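The values are calculated or read from the model by the stated rules, or taken from the named source; none is laboratory data. Treat the numbers as computed from the prediction; the structure is a model and nothing was measured. Please note: Cβ atoms are built from the backbone with ideal geometry, for glycine as well, and neighbour counts cover all protein chains shown. The area values use the complete protein model at the heavy-atom level, side chains included, leaving out ligands, DNA and RNA. Shrake-Rupley method; radii C 1.70, N 1.55, O 1.52, S 1.80 Å.
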Amino acid sequence: MIKNLYLVGFMGVGKSTIARALRRRIGWELVDIDSMIVREQGMPVAQIFAERGEEEFRRIESETLARISEGKHQIISCGGGVPMRQENIRIMKENGICILLTASPYVILKRVEKDTSRPLLQGKKTIKGISGLIRERMPYYEKACDERVSVNRRTVRMVVDEIVRRMTKRGYVQEQNREQSREKNEIREPGGGRRKDRIRGAGAQDLKQGQGWGSGESRATIVHGASIQSGISKPK
């Protein structure tokens, strides 16, 4: 039985954006590992790298991944280096399905060329530099992933449709009309009010591509054995 959905891939492929759109689509809780680390450590990732070093950041990253993975019904957006540790691959394999998002070096360069928050890209913001880093990481990405989805020349909705189609084929979700499942994806507040599901670790920088889709958009319902459940209000 699937517990969590892990999104992995190189910097700039759109993991946070796709994760947020998937949260709207299937109703699982969203967890962004980098944003959670920034919030808990009280400093940006680049500052952690500069003051504590990459090895310490990777230790924090692995500890955060292990802690988060104890929960279920989560879409977990992983930093680009998460699959580089065998320990992290094991955690993801044991606790859910891992989907690798891919993009061409050109697409990635266009998305990150003005971004100063990625320390590992300093001095490598060229097609050649990004291509080299992707080649280094791809064997680890391939080892970690269960499915591979390209984002090249695709909208956010097209990528999400493809991921949901793959999950449906595996029996993890079942499509239904969004209107029919809206009530199940709201959490009741004391006194009869409602609040929307929380997004843990997701930063304010999550892009807007996943917003503004029509109310008639189909939604997916999680399937566990013979029962069908929707929403993330269940205890983790």
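Here Leu7 meets the list (1) within 23 Å of Ile89 (Cβ to Cβ); (2) at pLDDT 95 or above; (3) in contact with a strand residue (DSSP E or B) (Cβ under 7 Å, 6 or more places away or on another chain); (4) part of a helix (DSSP H, G or I) almost entirely, failing just condition (4).
Test of understanding: among Leu101, Leu109, which residue is modelled with pLDDT under 95 and crowded, with 17+ Cβ neighbours inside 10 Å? Talk me through it step by step, then tell me what you get.
On the way: Leu101 fails: modelled with pLDDT under 95.
Of Leu101, Leu109, the one residue that is modelled with pLDDT under 95 and crowded, with 17+ Cβ neighbours inside 10 Å is Leu109.
Scanning the stretch 129-146 for residues that are open to solvent by less than 60 Å² (accessible area, probe 1.4 Å) and either of a type in the set (Phe, Trp, Tyr) or in contact with a Cys (Cβ under 8 Å, 6 or more places away or on another chain) (or both) yields Tyr141, Ala144, Cys145, Asp146. Scanning the stretch 15-52 for residues that are at positive phi and at pLDDT below 95 yields one hit, Gly27. Inside the stretch 27-48, residues that are crowded, with 18+ Cβ neighbours inside 10 Å and more than 13 Å from the chain's Cα centre (by Cα) make up a count of 5.
Only helices (runs of 4 or more DSSP H) whose full extent lies in the stretch 13-64 are considered here, and the ones with at least 3 residues that are of a type in the set (Lys, Arg) and touching a residue at least 12 places away in the same chain (Cβ under 8 Å) are 15-26. Could you grab me the full set of residues in the stretch 112-128 that are surrounded by 14 or more Cβ atoms within 10 Å (Cβ to Cβ) and either closer than 23 Å to Met158 by Cα or touching a residue at least 40 places away in the same chain (Cβ under 8 Å) (or both)? Within the stretch 112-128, Val112, Ser117, Arg118, Pro119, Leu120, Leu121 qualify. Within the stretch 94-106, the set of residues being under 15 Å from the mean Cα position of the chain (by Cα) and farther than 22 Å from Arg165 by Cβ comprises Asn95 only.
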